[in-house]
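**Student:** Encoded as structure tokens, here's the structure I'll be asking about.
The values are calculated or read from the model by the stated rules, or taken from the named source; none is laboratory data. What you see is a predicted model; the values in this text were computed from it and never measured. Virtual Cβ from ideal backbone geometry, glycine too; neighbours counted across all protein chains shown. Surface areas here come from the heavy atoms of the whole protein model, side chains and all, with no ligands, DNA or RNA. Shrake-Rupley method; radii C 1.70, N 1.55, O 1.52, S 1.80 Å.
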Amino acid sequence: MSEPLVIVFDVNETLSDMAPLGEAFAQVGAPRGLAKLWFATLLRDGFALTASGGRESFATIGADALRTLLGAEGVSGNLDTAVERVMAAMQNLSLHPDVPDGIRALAAAGHRLVTLTNGAAANTDKLLVAGGVRDKFEQLLSVEGAPAWKPARPAYDYAATAAGTAPSGMLLVAVHPWDIHGAAKAGMRTAWINRTGARYPSYFQSPDITIPALTGLPAVLAA
């Protein structure tokens, strides 16, 4: 009998619905659309530190990038308070509607489930507890314990070591093509959740599986 598949989930945007962040930006007097730019800026700077051999926490980069962007927008009032409010919203997101049923079905099928986030493991724990599926995951991994942020190979190798398996025995599930590409380069199988009908970039390695919602994955794997 073959070993059970280890499914490793990205967390931010893949499991968590980040749409409500727009409301947090609006509440501090910034455009709702700034939420997307902020998250992209946070990732860019995290990747830049990784590429140049440095590292910093997701929260530290997030708060500093937020202060820069809100300042550039001319947000009036207390910047500290505005930054705290948005960062708090980031820590109180909910799961996408398709996630709980998808997770339960994958666990019921006998797959081993873990997470691997560039964010904090404590935030993942809070998200999954609130969504009622924390008990389906055997480990909540974060790059806090890895040598580098995703999509650097050591992050995926760290997850494989923690799960006690080879990368080839793992399937990464993510909404971000850069994460799919990194995992594929590290030897993992990949599943891209495309909830928005987006185009997959031609310059990244293509996913092995593409699904519109996590609920579609159990049937694909069973087949």
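**Student:** Where in segment 82-186 are there helices (runs of 4 or more DSSP H), lying wholly inside it, with at least 3 residues that are within 30 Å of residue 66 (Cα to Cα) and free of Cβ contacts under 8 Å to residues at least 24 places away in the same chain?
**Tutor:** Working: elements: 99-108, 121-130, 153-163, 177-185.
Passing ranges, in order: 121-130.
Results for (1) more than 19 Å from residue 175 (Cβ to Cβ); (2) out of contact with any Phe, Trp or Tyr (no Cβ under 6 Å at 6 or more places or on another chain), shown as yes or no for each residue.
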| position | (1), (2) |
| --- | --- |
| 134 | yes, yes |
| 138 | yes, yes |
| 142 | no, yes |
| 146 | yes, no |
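**Student:** Condition test on residue 151, is it at pLDDT below 95 and either closer than 15 Å to residue 46 by Cβ or crowded, with 18+ Cβ neighbours inside 10 Å (or both)? Break it down stepwise before answering.
**Tutor:** Values: at pLDDT below 95: no; either closer than 15 Å to residue 46 by Cβ or crowded, with 18+ Cβ neighbours inside 10 Å (or both): yes.
It is false that residue 151 is at pLDDT below 95 and either closer than 15 Å to residue 46 by Cβ or crowded, with 18+ Cβ neighbours inside 10 Å (or both).
**Student:** Confirm whether residue 75 is touching a Gly at 6+ places or on another chain (Cβ under 8 Å), among the aliphatic types (A, V, I, L, M) and either outside any helix (DSSP H, G or I) or surrounded by 15 or more Cβ atoms within 10 Å (Cβ to Cβ) (or both). Before the answer, list the steps.
**Tutor:** Numbers: touching a Gly at 6+ places or on another chain (Cβ under 8 Å): yes; among the aliphatic types (A, V, I, L, M): yes; either outside any helix (DSSP H, G or I) or surrounded by 15 or more Cβ atoms within 10 Å (Cβ to Cβ) (or both): yes.
For residue 75, the condition - touching a Gly at 6+ places or on another chain (Cβ under 8 Å), among the aliphatic types (A, V, I, L, M) and either outside any helix (DSSP H, G or I) or surrounded by 15 or more Cβ atoms within 10 Å (Cβ to Cβ) (or both) - is met.
**Student:** Also, quick follow-up: Do you know which residues across segment 14-47 are among the small types (Gly, Ala, Ser) and assigned to a helix (DSSP H, G or I)?
**Tutor:** First, the residues of segment 14-47 that are among the small types (Gly, Ala, Ser): 16, 19, 22, 24, 26, 29-30, 33, 35, 40, 46.
Of everything in segment 14-47, those that are among the small types (Gly, Ala, Ser) and assigned to a helix (DSSP H, G or I) turn out to be 22, 24, 26, 35, 40, 46.
The rows are residues; the columns are (1) open to solvent by less than 50 Å² (accessible area, probe 1.4 Å); (2) modelled with pLDDT under 95; (3) under 23 Å from residue 94 (Cα atoms); (4) in contact with a Leu (Cβ under 8 Å, 6 or more places away or on another chain).
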{"residue": "123", "(1), (2), (3), (4)": "no, no, yes, no"}
{"residue": "140", "(1), (2), (3), (4)": "yes, no, yes, yes"}
{"residue": "159", "(1), (2), (3), (4)": "yes, no, no, yes"}
{"residue": "200", "(1), (2), (3), (4)": "yes, no, no, no"}
{"residue": "204", "(1), (2), (3), (4)": "no, no, no, no"}
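**Student:** Let me ask something additional. Would it be correct to say that residue 50 is farther than 30 Å from residue 221 by Cβ and in contact with a Lys or Arg (Cβ under 9 Å, 6 or more places away or on another chain)?
**Tutor:** Details: farther than 30 Å from residue 221 by Cβ: yes; in contact with a Lys or Arg (Cβ under 9 Å, 6 or more places away or on another chain): yes.
Considered against the rule, which asks whether it is farther than 30 Å from residue 221 by Cβ and in contact with a Lys or Arg (Cβ under 9 Å, 6 or more places away or on another chain), residue 50 comes out as yes.
**Student:** If the Cβ limit is 6 Å and pairs must be 6+ apart or interchain, which residue in segment 35-46 that is farther than 14 Å from residue 21 by Cα and surrounded by fewer than 21 Cβ atoms within 10 Å (Cβ to Cβ) pairs with which residue that is modelled with pLDDT of 95 or more and not charged (D, E, K, R)?
**Tutor:** So the pair list comes out as 41/65; 45/61.
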